[in-house]
1. Here's a check for you: in segment A:37-46, which residue that is in a strand (DSSP E or B) and surrounded by fewer than 20 Cβ atoms within 10 Å (Cβ to Cβ) is nearest to the other protein chains (Cβ to nearest Cβ)?
2. Only residues in segment B:74-90 that are assigned by TED's automatic domain parsing to the domain that holds residue B:178 and in a loop (DSSP other than H, G, I, E, B) count as the first member; pair them with residues that are buried (at least 23 other Cβ atoms within 10 Å of the Cβ) and of a type in the set (S, T, N, Q), Cβ under 8 angstrom, at least 6 apart or cross-chain, and list the lot.
3. Please count how many residues of segment A:47-69 are small (Gly, Ala, Ser) and in a loop (DSSP other than H, G, I, E, B).
4. Considering only residues of segment B:133-146 that are out of contact with any helix residue (DSSP H, G or I) (no Cβ under 9 Å at 6 or more places or on another chain) and surrounded by fewer than 21 Cβ atoms within 10 Å (Cβ to Cβ), which is nearest to residue B:71 (Cα to Cα)?
5. Looking at segment B:76-96, which of the residues that are more than 14 Å from chain A (Cβ to nearest Cβ) and more than 20 Å from residue B:144 (Cβ to Cβ) is surrounded by the most Cβ atoms within 10 Å (Cβ to Cβ)?
6. Only one of (1) outside any strand (DSSP E or B); (2) among the acidic types (Asp, Glu); (3) in contact (Cβ under 8 Å) with a residue 60 or more places away in the chain is not met by residue A:91, so which one is it?
7. Only one of A:123, A:72, A:110 is within 14 Å of chain B (Cβ to nearest Cβ), assigned to a strand (DSSP E or B) and of a type in the set (A, V, I, L, M, F, W, C); which?
8. Mind counting the residues in segment A:126-161 that are surrounded by 22 or more Cβ atoms within 10 Å (Cβ to Cβ) and under 19 Å from residue A:51 (Cα atoms)?
Amino acid sequence: MKNSLCKVWLAFCATVLAALAAAVAAPQNAPEVVAVKTVLAADGVHPGKTLKVAALAHITPGYHINDHKPTLDYLIPTEWKLDSPSPLSVETVVYPKGELKKFAFSDRQLSVYEGDLTVGALLRVARDATPGAYTLKGKFSYQACNDHACLPPRSLPVTLTVNVVGRRTPLKTLNQDIFSRLEGLEPAGKNL
Amino acid sequence: MESESVKTYRVAFGALLAILLVVGLYFVNRYWIAPATQRHAAKATSGDRPMAPAFSLTDLNGRKINLADERGKVVLLDFWATWCGPCQLEIPGFVKLQERYRDQGLVVIGVSMDDSVEPVRDFYREFKMNYAVAMGDQRIGELYGGIIGLPTTFLIGRDGHIYAKHTGATDISVFEDEIKTLLAADANSGVAELRPVGGTRPQERIELGDPAEIDSEVPGVNLSKLNPQQVAMFKKQLETLHCDCGCKLTILRCRQIDRACNISRRVAREQLEKFLKPSV
């Protein structure tokens, strides 16, 4: 009993220390020019099935962030990374094509994202998953510039909670306006 | 032999001490060290003839760079990164300036804000950089007022004072004009006719171009069509708008502090057009 109490206490301490270390290390002055939120395609998912999720990023007007596959090697790509705790796994992450734009600082047109950006992901739930709420943690990394200057690379924490429900529980679809526009998220089997 | 409960309490006590230590360090940094550094930086980047904060770094070739050792020379101090397109645009120009004015006393120093040194070494070779490049960090950035946007370039005179700060890609001819003026100055007397960073006194300017724009209360914007009341109103209007260049300042303040900022200049000119429309 005491041993487990001690472990919980140590875990708590480690979390607090990590959070403080992150707070100290974070750049104090760089403005946040990207805001990210996550959405799900349904209010739950059955064991053995898939669920579409998406990260919606809003980029401050006047700024751009690089394509996931940047035009030039030295550019830092935009990336959405999600941990996949059992019984969930990330099957695929789909990025839109960037827009080719010419900037004063480059001879070539660069593929970038501006305005609103939707990155989709397909989650798969293990067949033997126990119903319950599962939280996925991840980060949305980007590096922003405007037409004459750049900001340091940033990583925003992104979390989403997925409800795994029993096979007989009916599901309600959500955010279809967003997911109907997303291509490349169809699983091999039956999709939601 | 220690009992289990004594062990548990020892671990808990140790962890508590560690937390208190980190919390303490966090608050010391946040409320004491960081503000003090920023006050020092603010002092260095505003007011008359600000001194360039001293620093010592090791360049990519293992040589020491001490800013104090460069006293008597003109220093172009460039904060940049390999992932920054606008920074890359400027670098061939800095290579040329270093080559052209080295004998007259120009020293170019590059401070890379990259996280790792490998891409910087590759870049150094690829761009045939002929000046010292060192790896920077948040501390040196804060020393120079917080390097928010890259590139940020400072021009330091022979007397060790900062005479210009440019945020964002700036035409190399602008640097060259300023460097020539600074090189012509004496190390002891400074450059009286140059505008110190943060100053807005028209008689101490470094800019070239239309005098109506240079001497304007909103630098870079010709306010000659406005009467004094309208100028005051227009300035108030610019105080309500925030500049998107990354400086976290209002458009008016950004114009006054960073005359090279193309974003605040464009917005201020657009606002002037709108401001003038009703009276046309």
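1. Of all residues in segment A:37-46, those in a strand (DSSP E or B) come to A:37-40, A:42, A:45.
Imposing the further condition that a residue be surrounded by fewer than 20 Cβ atoms within 10 Å (Cβ to Cβ) reduces the set to A:37-39.
Working: A:37: 22, A:38: 26, A:39: 27 Å.
The qualifying residue nearest to the other protein chains (Cβ to nearest Cβ) is A:37.
2. Matching pairs, first to second residue: B:81/B:112; B:82/B:112.
3. 2
4. My answer is B:140.
5. So in segment B:76-96, the residues more than 14 Å from chain A (Cβ to nearest Cβ) come out as B:76-77, B:94-96.
In the following step, the residues that additionally are more than 20 Å from residue B:144 (Cβ to Cβ) were identified as B:95-96.
Numbers: B:95: 16, B:96: 13.
If we take residues in segment B:76-96 being more than 14 Å from chain A (Cβ to nearest Cβ) and more than 20 Å from residue B:144 (Cβ to Cβ), then B:95 is surrounded by the most Cβ atoms within 10 Å (Cβ to Cβ).
6. (1)
7. Numbers: A:123 fails: within 14 Å of chain B (Cβ to nearest Cβ); A:72 fails: assigned to a strand (DSSP E or B).
After applying the criteria, what remains is A:110.
8. 1
The values are calculated or read from the model by the stated rules, or taken from the named source; none is laboratory data. Note that the coordinates shown come from a computational prediction; the quantities given were computed from them, not determined experimentally. Reconstructed Cβ throughout: ideal geometry from the backbone, glycine too, with neighbour counts over all protein chains shown.
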